[in-house]
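Throughout, read-outs are computed from the coordinates displayed, never taken from laboratory work. These numbers come from a predicted model, not from an experiment. Ideal geometry is used to build each Cβ from the backbone, glycine not excepted, and the neighbour counts take in all protein chains shown.
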Amino acid sequence: MTSLAYTAAFYEVKVLGAADSTVRTPDQTEAALFWAYDRPSKGTPLILYNEIAQTVARAQYNSLAEDARLFALLNLAMADAGISVWNAKYTYQFWRPVTAIQEAERDGNPFTIADPSWTPLGAPNDPGEPSFTPPFPSYTSGHSTFGAAAFRILADFYGSDRYHLVLHSDELPGVTRTFDSFSAAAAENGRSRIYLGIHWSFDDAYGQATGRAVGDYIFENFLLAKDDHPGLPCGTRMIDAVPSSPRLGGPEMIAIVAPPSLGDEGGLWNPPFGGAATPTPHPWSNRKPGTVNTLLPSPN
């Protein structure tokens, strides 16, 4: 937490995510609320991603068989994304911005200044209830990972990232957000959590990288036509995923597929904020060979 990357992330969310921010634009505030889906009455963001996929599928005149495959892939990818996210959250137990900013004197970083009165814009709650910060660890972002996995499945399924999207959200009835690609929608979905003041930029960057890797892996290895099966066990190759987050200036995140020959000893660890990757047993002792393992750098 004494790194320049953490310091930059600290002041970014402090400025953009404050309830009384004068820097966050009206468009950024709208985006923050549009993607939220945190309140109990709205369910989870997975509902929104499924609704977006339904809109695309109708516009593409999917057949029943195509719909069955698309939505199975979509939700398989998001389920695996969720496993990665919650494993990371409770492995690293990294604090949320509201705690970090109010109690910055505890982080050992002389450049982060505590503000005990700082309040985030916060995730929107049900009517009559105050906005809030989700009550579980920050790193990585569920929205970023789920959304990146979902939009990557859509891009893979239709063979192109380029797609004109006009999206609606139950969070803001009557409001539309438009995008020219699936990846642009995924990017705004992830950034929206910083505008709410409830996530860090590295939560988003590594969450999106993980989601893309998971989406690609699921699409390329599951629910394939019989003629596309090579007759070999799934998961016999690596997928490398590099987060496109120049603001971090940090290490690569690598998603590893453990080959059957390596069993549960396969894996690479990329040390946080630079350094050489070295072979090491991966932390899932019960992980089956031939499955994707996402090894994330520590945010500390």
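Among the chymotrypsin sites (Phe, Trp or Tyr not before Pro) in the range 48-82, those placed in a DSSP loop whose Cβ has at most 12 other Cβ atoms within 10 Å are TYR61. Taking only C-alpha pairs under 8 Å that are 6+ residues apart, what is the relative contact order of the range 4-232 in percent? Taking the mean separation of contacting Cα pairs over the length of the range 4-232, I get 31 percent.
Applying 1/(1 + (r/R0)^6) with R0 = 30 Å to the Cβ-Cβ distance of ILE47 and THR25 gives a FRET efficiency near 0.65.
Where does the range 4-232 land on Rg(C-alpha)/(2.2 N^0.38 Å)? Please report the intermediate quantities before stating the final value.
Numbers: Rg = 18.5 Å, N = 229, 2.2 N^0.38 = 17.3 Å.
Cα-based Rg divided by the globular estimate yields 1.06.
Tell me, in nm to one decimal, what length is gained between LYS226 and VAL175 on full extension, where the rule is 0.36 nm per residue of separation less the Cα-Cα distance?
Values: separation 51, 0.36 × 51 = 18.36 nm, distance 4.28 nm.
Fully extending the segment from LYS226 to VAL175 adds 14.1 nm.
In this rough spin-label picture, where each label sits 7 Å from Cα along the Cβ direction, the TYR90-ASP67 distance is 3.6 nm. A straight Cα-to-Cα reach below 15 Å connects LYS89 with the aspartates and glutamates ASP80, ASP203, ASP204, residues fewer than 8 places away in its own chain not being considered.
Which value, in Å³ per residue, describes the convex hull spanned by the Cα atoms of the range 37-108? Spell out each step's value before the answer.
Details: hull volume 8.9 nm³, N = 72.
Here the figure is 124 Å³ per residue.
Relative to one another, the C-alpha centroids of the range 93-138 and the range 148-227 are positioned 26 Å apart.
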